[in-house]
2 protein chains.
Amino acid sequence: MSTQDGRAQAPKRATITDVARVAGVSRGAVSKVIRDAYGVSPAMRARVEEAIERLAYRPRTAARALRGSGFTIGLALPVFGNDFFSQIVLGVNETLAGTGYRFILAPDTSESSSSHTLDALADREVDGIIAVSPMVSTDWLENLARYVPVVVIGRHDMPAGYDTVNGDDAAGARLVMNHLLEQGHRRIVHLTGDYVQVAARPADPHSIRSVVFREMMLSAGLVPRQVTTAADPAAIVACVRDLLAGDEPPTAIFAAHDFLAIHALRVVATSEPRVAIAGYDGVDIASHPMISLTTVDQRGVEIGRTAATLLLERIKGRTTPARHVSTPELLIRRSTAPDGATG
Amino acid sequence: MSTQDGRAQAPKRATITDVARVAGVSRGAVSKVIRDAYGVSPAMRARVEEAIERLAYRPRTAARALRGSGFTIGLALPVFGNDFFSQIVLGVNETLAGTGYRFILAPDTSESSSSHTLDALADREVDGIIAVSPMVSTDWLENLARYVPVVVIGRHDMPAGYDTVNGDDAAGARLVMNHLLEQGHRRIVHLTGDYVQVAARPADPHSIRSVVFREMMLSAGLVPRQVTTAADPAAIVACVRDLLAGDEPPTAIFAAHDFLAIHALRVVATSEPRVAIAGYDGVDIASHPMISLTTVDQRGVEIGRTAATLLLERIKGRTTPARHVSTPELLIRRSTAPDGATG
DNA sequence: CTGAAAGCGCTTACAG
DNA sequence: CTGAAAGCGCTTACAG
C-alpha cells in the first residue's frame, strides 16, 4: 500500500499529547516535567517520565522555539574549513558545555551572503547569534540585534546593541613588523585579500593590519608596498610567484592571515634567494616542524569562549554593549629565521 | 521604562498576520504568495509583495517546519575542523546551491554523542539528515530513518531505510600497501585511532583499512603490526616517538588518515633513519611542498555532492535504499619517496 | 499541585 | 481566485 509520496505513511514521532494521554495527565503537566518547572508532584513526575521513556518521546525544538526558547544558538561563519575559525568554534563549544544550550553552524555559501546566513539563523528562532566577520553594515547588525541577541567576532565596531570580541589587531601587526624590521628587512610586502578595503571598512581586522603595516614602514623610512590576491590557493600562488619574479622582490612578506602565508610558502619553499614570511592567526599547522611559520597567535579558542559567554549574558537580559579585546602573541619560527637557519 | 527581562520590550519581527493586515488579505493568501503556490491573482500578489517589502517580513523557518517544510537539511559531523570533512561540506554545499534548500551543521561535542547530535537535528524538524561517520548502531539509524530521510557517509552498511556513500576503502588501502611493498618495505606499521574496533565495527572505513593492511602483510609473508593512538596531536606524536624508539622500528608507516599522518610527520621530520609515511583522505595540506604527503584521495567533495543528491531524492519520495561507492586514487609524494629524495 | 484554554507563526485542506 | 477554520507541537498565564 503505497502512496504517491513515499513518505506519506512515515510514522509520526510521539508528541507531547501522546505522552499526556499515556500518562493520563494534561499536556501542560508534561511540559512542566520536561522543563523541570516548579510545581510537579513526585508521583506525577514519575508517571510522565515513564510515559516519555516508553514512547521514546523527544520534545521538538522547532515547536519550543516558537513559543519559548529552543536553547540553541546560531554560529555564522563566513567560510567553512578555515582553521582559525575552527578554533573559535572550539571555544564556543567549550563554554556552552553544561549550559543546556546547543549550537548550530551556518556558513556563508556561494549563493548566500552573510546577511542571508544571519537571516536564516534568525528565521530558525535561535536564542542568540554569534557572527564571525560578517560582511554587512553596522546598521544591518544593529537592526538584527533589535530582535535577537548578537555577538560579533572580528569587527572593531562601536555598537550600541550588540557585543564585539576581537584580537588586538594593531598590537599584533606591530609585533610582526617590529620582528621583521629587527631582522633587518627593508623590502617588506604586505600580502592581503583583495576584498580588503581599508577606506570602506576601517573596523575590519585586515584593514587595521594593513594600516599598521603602512604606518610602521613609513616611520621606518621605508616604502610600504601591498599586494592583494583572491582567496583560492591557485591565485595566492600565482600572486606570490609574480611578486618574487618582479622588480625588487621583497626580502620579507607579512601575510594578513595564515592561509595566505601557508600558500605563499608553497612558492617560497623552492625559491632563491630565500624570503621571510610571517602570517597571522596562529593556526595549528603553522607549528608543524615542516612548515614552521612565524605567526601571531590570536587565541581563537579564547575569542570563541568569550563570545559565547557574552552571548549567554545577553540572552539572560544584559542590554549594555560589551567589547572584549584579546592580547595577541608573536610566535617566532623558522619562516622568519635569518638565512641559513632554513630547515 | 525597563522590565526585569531586558528583552521584554524587544520589538517583534513582522509576522504573516501583519502582512495580511497591511495588504488587506487573509493569512492564507499571504502564505500562498510566499510559497509561490497556485492560484493567486497578479493584483493580489503585487499588494502582498509590497506589504512584505514594507514590513521587511521574513517567514519564520521554525514555524514553517512545524507545518510543512523548512527547506533545511542537517549535516552531522563527528568532529569539527577536520579537513576531510570540510571537503564533504563543500560538496554538499555545491549540490544544494540553487535547490532552495539550506543546510545547518551540527558537530558532535564533548558532551553530546552522535546520537544526541542526530536527535537534535531531528528535533529541529529538518527535512533530511546527512550523517558523517555516526557512532551509533545500524538499528538506531534505521529507526531514525523511519521518521526523517537519512544519508550516511562513512559506513559500509547494508541499510534498508537509508542511503550510504563511501569511498572504496578496501581498494584504497590496497593502493597504499602495494605502493609501500613495491618500495621494498618489510617492516610496515599501521597507525590507527584507538577507537577503531575491527570486530565490533566491521563496516567502519578504518576497520576495513586495518583488515586489508593485515591481509596484505600476511600474504606478503610479513608480520602485520598495528599501533593505536588517541586522536589529539600530543598523543599521536608520543605514540610515533615510542614506535621509532622501540625494537625493530618500522621503515614505513601506513596511517589510517591524514591527520594521523601529518602529526606523525612531526616526529619523522627530525628522525634518523628516515621513515616513509602514507596517509589516507587527500586533504589539501598534504599537497603542500613542505609536507608532500603520499595519500589516498577519497574525493571528499564528490562524496558530499553525492550524499546531497541522494538526500534530495529521498526527500522527494524515494524509499528504496541507494549505496554509492567512489573510487579512490593514490597520490604519490615525497613522504614515501626512496631515501635521499627527501626535500 | 493540576488542568483547560489561548497562543507562538505558519500551512493545509475546504468552502465559497 | 480568495478567505475562514483547523491544526502543526509546544509553552504560558490563569483558574481551580
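Threshold 10 Å², probe 1.4 Å: give the residues of region B:288-302, in number order, that are less accessible with all protein chains present than with their chain alone.
Residues passing the criterion (a loss of at least 10 Å², heavy atoms only) are B:His288, B:Pro289, B:Met290, B:Ile291.
Over region A:102-156, what is the mean sequence separation of C-alpha contacts under 8 Å (at least six apart), divided by residue count, expressed as relative contact order in percent?
33
In nm to one decimal, list the spacings between the B:Pro321 label point and its equivalents in the other copies, with label points set 7 Å along Cα to Cβ, shortest first.
Those separations, rounded to one decimal, come out as 5.5 nm.
Roughly what would the spin-label model give for A:Glu329 and A:Asp247, points 7 Å off Cα along C-beta, in nm?
4.4
Starting at the first residue of region B:314-319, write each ³J(HN,Hα) from the Karplus equation 6.51 cos²θ - 1.76 cosθ + 1.60 with θ = phi - 60°, in whole Hz, x for Gly and Pro.
5, 4, 7, x, 4, 10
What number comes out for the charge environment of A:Gly100, summing +1 per Lys or Arg and -1 per Asp or Glu over other residues with Cβ under 13 Å away?
Spelling it out: positives minus negatives among the neighbours equals +1.
If a/c stays under 1.5 just call it rounded; otherwise compare a/b with b/c (prolate if a/b is bigger, oblate if not). Do that for chain B, with a ≥ b ≥ c from the square roots of the Cα gyration tensor eigenvalues.
Since a/c reaches 1.5 and a/b is larger than b/c, the shape of chain B is classed as prolate.
Pairs of alpha-carbon atoms within less than 8 angstrom and 6+ residues apart define the contacts here; what relative contact order does chain A have, in percent?
Details: 586 pairs, mean separation 58.5, N = 343.
Value for chain A: 17 percent.
Name the long-range amide H neighbours of B:Thr229: under 5 Å, sequence gap of 5 or more, or other chain; modelled H, no Pro or chain starts.
B:Thr192, B:Gly193, B:Asp194
Ignoring any ligand, DNA or RNA, what whole percent of the accessible area of chain B comes from carbon and sulfur when the probe is 1.4 angstrom?
53
Under the definition of partner shielding as Cβ atoms of other protein chains within 10 Å of a residue Cβ, what is the mean value for peptide A:266-279?
Mean number of neighbouring Cβ atoms from other chains: 1.
What's the ranking of A:22-29, B:330-337 by average number of surrounding C-beta atoms within 10 Å, highest first? Walk me through the intermediate numbers first.
Values: A:22-29: 15.9, B:330-337: 19.5.
Most protected by this proxy first, the peptides run B:330-337, A:22-29.
If I model a spin label as a point 7 Å beyond the Cα along the Cα-Cβ vector, how far apart are those points for A:Thr17 and B:Ala37 in nm?
Placing both labels 7 Å along Cα→Cβ, they lie 2.0 nm apart.
Keeping every protein chain present and rolling a 1.4 Å probe, give me the accessible area per residue for the protein assembly as shown in Å².
On a per-residue basis, the protein assembly as shown sits at 44 Å².
Where the label is 7 Å out from Cα toward Cβ, how close does A:Gly68 come to the same position in every other copy, in nm, shortest first?
3.0
Efficiency by 1/(1 + (r/R0)^6): what FRET value for A:Ala337 and B:Tyr195, r their Cβ-Cβ distance, R0 = 41 Å, to the nearest 0.05?
Numbers: r = 39 Å, r/R0 = 0.95.
With a Förster radius of 41 Å, E is 0.60.
Using a Gaussian network model on chain B with a 10 Å cutoff between Cα atoms, which of B:Thr99, B:Thr228, B:Thr17 fluctuates the most?
Comparing B:Thr99, B:Thr228, B:Thr17 in the GNM, the peak value goes to B:Thr17.
Once a ≥ b ≥ c are taken as the square roots of the eigenvalues of the Cα gyration tensor of the protein assembly as shown, is the result rounded (a/c under 1.5), prolate (a/b larger than b/c) or oblate (a/b not larger than b/c)?
It comes out oblate by the Cα gyration axes.
Would you list B:Tyr280, B:Tyr101, A:Tyr147 from the most to the least accessible area, probe 1.4 Å?
The ranking, largest first, comes out as A:Tyr147, B:Tyr101, B:Tyr280.
In whole percent, what relative contact order does region B:48-114 give with Cα contacts below 8 Å and a gap of six or more residues?
38
Would you please give the FRET efficiency between B:Ala203 and B:Val79, computed as 1/(1 + (r/R0)^6) with r the Cβ-Cβ distance and R0 = 22 Å, to the nearest 0.05? List each step's numbers first, then the result.
On the way: r = 19 Å, r/R0 = 0.88.
After rounding to 0.05, the efficiency reads 0.70.
Report the calculated FRET efficiency for A:Glu182 and B:Arg318 (r = Cβ-Cβ distance, R0 = 56 Å), to the nearest 0.05.
It comes to 0.30.
Report the extension gain between B:Arg146 and B:Leu218 in nm, rounded to one decimal, defined as 0.36 nm multiplied by the number of residues separating them, less their alpha carbon distance.
21.7 nm
In the protein assembly as shown, what percentage of the DSSP-assigned beta bridges are antiparallel, given to the nearest 5?
Details: 9 of 79 bridges.
The answer is about 10 percent antiparallel.
Label position 7 Å from Cα toward Cβ: report the copy-to-copy distances for B:Arg27 in nm, one decimal, ordered from shortest.
1.5
Roughly how much accessible area, to the nearest 100 Å², goes out of reach of solvent when A and B pair up, both sides summed, probe 1.4 Å?
5700
The values are calculated or read from the model by the stated rules, or taken from the named source; none is laboratory data. All of these numbers come straight from a predicted model, not from anything done at the bench. Because the Cβ atoms are built from the backbone with ideal geometry, glycine has one as well, and the counts that use them run over all protein chains shown. Accessible surface areas use protein heavy atoms only, side chains included; no ligands, DNA or RNA. Shrake-Rupley method; radii C 1.70, N 1.55, O 1.52, S 1.80 Å.
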